[in-house]
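Computed from the coordinates by the stated procedures, all read-outs in this text should not be read as laboratory data. Given the structure is predicted, the values throughout are model-derived calculations rather than measurements. Virtual Cβ from ideal backbone geometry, glycine too; neighbours counted across all protein chains shown.
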Amino acid sequence: MGETIELRSGGFRARVATTGAAIQALTWRDDDLVWPYTGTPTAFQGQVLAPWPNRIGEGRYRFDGAEYRLDVNDPATGSAIHGLVHDRPWEPVRVTEDSVDLHLALPATPGYPFTLAMELTYRLGEDGLTVTTVARNTGDSPAPFGLGFHPYLALGEPVGGLAARDALTLSAPVDRYLPTDDRLLPVGDPLPVADTDLDFGPPGRGLGDTVLDTAFTIGGRDADGRAWTHVDGPRYRVSVWCDASFGYLQLFSSDTLGGADHRAHLAVEPMTCPPDAFVSGDGLIVLAPGADSRHVFGITAAPTA
């Protein structure tokens, strides 16, 4: 199951698993900011999603004139979901009190016959957790690539077995949503969120009973190019931000999770491309031999204003 590495800085604490380079826990002033786990994660908790996030329909895609077939690991939708690195051992190459650098050499497989080197840094500071990823094509031919992350925000103390969603406000920098078929694959063009129950633009609104397993295009950014998603509760705000390399955001309200986890967590997933990008080409990064791409996102918290 690999090892876990604990980080600390100021009021923040984090636990990182070398299996999947996953965020197992993140706290601020002893409050959980993400849904924590030990052992085996549930529903891709805290995991790195590469070389593609989300789903590829039937695991089939064409690239550079050739057709490839990936293993279908989401039987419910008949898709290949969330890439190839989430259950692999990553090597810690540098560990300090507040940061860890992890390395993975991803070998070629029949469904993805490309080789990548991935470097991932988790760093804690006064501004919370910052996650920096660099992916480099170590092969001799172009490689398709996409990246995402799967943190579930903790939604506070449960009330009546479920989180008190009406006591929370969600603000997300989304301008369009991607309509999907019954396999959760995009169909047609993205549509505006304005005047729909998917509009969580500033100042945001209560989650209520809104069901989300939805990909969005990111709209508003701050002066530094960061896009911010905020969840405000009675005592504190937890925020996920991502740099301009992430053009999409998946929000998942955990309705399909069973038991006490049903609707108890909100996945906020920065993605460089939408679902099925290996097929559509939308947002797809093509890494030339020797080329790399860099991506940064973070999670932080502050007292509710």
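Annotations
- Dipole magnitude (debye, nearest 20) for the range 160-292, charges at Cβ of Lys, Arg, Asp, Glu: 420 debye
- At q = 0.12, 0.20 Å⁻¹, base-10 log of I(q)/I(0) for the range 217-305 (Debye sum, equal scatterers on each alpha carbon): -0.49, -1.06
- Overall, the chain carries a charge dipole of about 320 debye about its Cα centre when +1 sits on the Cβ of Lys and Arg and -1 on the Cβ of Asp and Glu, all other atoms neutral.
- Positive end of the dipole of the chain (Cβ unit charges, origin at the Cα centre): among Gly281, Phe297, Thr42, the Cα lying farthest that way belongs to Phe297.
- log10 of Debye I(q)/I(0), alpha-carbon scatterers only, for the range 1-44 at 0.24, 0.28, 0.30, 0.31 Å⁻¹: -0.81, -1.01, -1.10, -1.14
- Using only side-chain charges placed at the Cβ, +1 for Lys and Arg and -1 for Asp and Glu, the dipole size of the range 1-107 relative to its Cα centre rounds to 160 debye.
- All-pairs alpha carbon distance profile, the chain, 20 Å steps from 0, percent: 35, 60, 5
- Average silhouette area of the range 116-271, convex hull of alpha-carbon atoms, in square nanometres: 11.5 nm²
- Estimated vicinal HN-Hα couplings, Hz - the range 228-245 in sequence order (Karplus 6.51, -1.76, 1.60; Gly, Pro = x): 10, 10, 10, 10, 9, x, x, 10, 8, 10, 10, 10, 10, 10, 8, 7, 5, 6
- FRET efficiency for Glu67 and Thr42, using Cβ-Cβ distance with R0 set to 25 Å, rounded to 0.05: 0.15
- Prolate/oblate/rounded call for the range 200-251, Cα gyration tensor, a/c under 1.5 rounded: oblate
- Between Thr304 and Arg8, the simple label model (points 7 Å from Cα in the Cβ direction) yields a spacing of 2.9 nm.
- Asp182 paired with Val93, simple spin-label distance in nm, labels 7 Å along Cα-to-beta-carbon: 4.7 nm
- Size-normalised alpha-carbon gyration radius of the range 1-129, reference 2.2 N^0.38 Å: 1.18
- Cα gyration tensor shape for the range 160-235, rounded if a/c is under 1.5, else prolate or oblate: oblate
- With the helix formula -39500 (n - 2.57) applied to DSSP H stretches of n ≥ 4, the chain reaches a computed 222 nm mean residue ellipticity of 0 deg cm²/dmol.
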